[in-house]
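The values are calculated or read from the model by the stated rules, or taken from the named source; none is laboratory data. A quick note: this is a predicted structure, and the numbers were derived from the prediction, not measured. FYI the Cβ positions are ideal-geometry reconstructions off the backbone, even for glycines, and counts take in every protein chain you see. Ligands, DNA and RNA are stripped out before the accessible areas are found, and what is left, the full protein with its side chains, is counted by its heavy atoms. Shrake-Rupley method; radii C 1.70, N 1.55, O 1.52, S 1.80 Å.
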Amino acid sequence: SIGLAVCLSEKFEGAALELLNQYRKEIVDAINWFYQNKNSEHVLENEKFILIKTKNFIRETLVGVMASILSRSNIVDNEKLIIVSSYTSDGKIKFSIRSNKDNLNLKEILGNLKQNIEIDYGGHKNAAGCFVEKEQEEKFIKYLLEEINRKFY
């Protein structure tokens, strides 16, 4: 609504800039949260992937942004698959997955998981995401990593 108001009148420009600054702060806070929790139970990392379980610490709408930033930075080895998750307000978990690998199609991998677990998914080759029921979190992660290993390594 603020964006539309700015298009119609310059008097809302200040509100739009404030909203933009809040969004930027949330992104910085998300990356700082990652740094602070890199060696905790929230982050699982090996030579193939990094899995970041933010639970309720990062808003679900930011996990894709966080995954994209990490995949394009020197913060995480860009050869690794990046998986970031967050709890949603409706009792699910949102997963955002990023890859810089040419031989890996993330949307296809998520589509293959539908045989084993119910997910709502979308995306494309290098960036995809899905929603999973909270009770299915560990099962989803298990199948996801198995599928990645089968396709990628």
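Structural remarks
- Considering residues of the range 1-26 that are over 19 Å from THR61 (Cβ atoms) and either among the small types (Gly, Ala, Ser) or in contact with a helix residue (DSSP H, G or I) (Cβ under 7 Å, 6 or more places away or on another chain) (or both) only, the residue surrounded by the fewest Cβ atoms within 10 Å (Cβ to Cβ): SER9
- Residue within the range 140-151 that is open to solvent by 50 Å² or more (accessible area, probe 1.4 Å) and under 14 Å from the mean Cα position of the chain (by Cα) present: no
- Qualifying positions in the range 19-43 - of a type outside the set (S, T, N, Q), within 17 Å of LYS53 (Cα to Cα) and over 17 Å from the mean Cα position of the chain (by Cα): GLU41
- Within the range 103-133, being assigned to a strand (DSSP E or B) and surrounded by fewer than 14 Cβ atoms within 10 Å (Cβ to Cβ) holds for ASP120, GLY122.
- Qualifying residue in the range 53-75 (condition: without any contact (Cβ under 8 Å) to a residue 60 or more places away in the chain and in contact with a Cys (Cβ under 7 Å, 6 or more places away or on another chain)): no
- Test for LYS80: is it out of contact with any Lys or Arg (no Cβ under 9 Å at 6 or more places or on another chain), surrounded by 14 or more Cβ atoms within 10 Å (Cβ to Cβ) and not small (Gly, Ala, Ser): no
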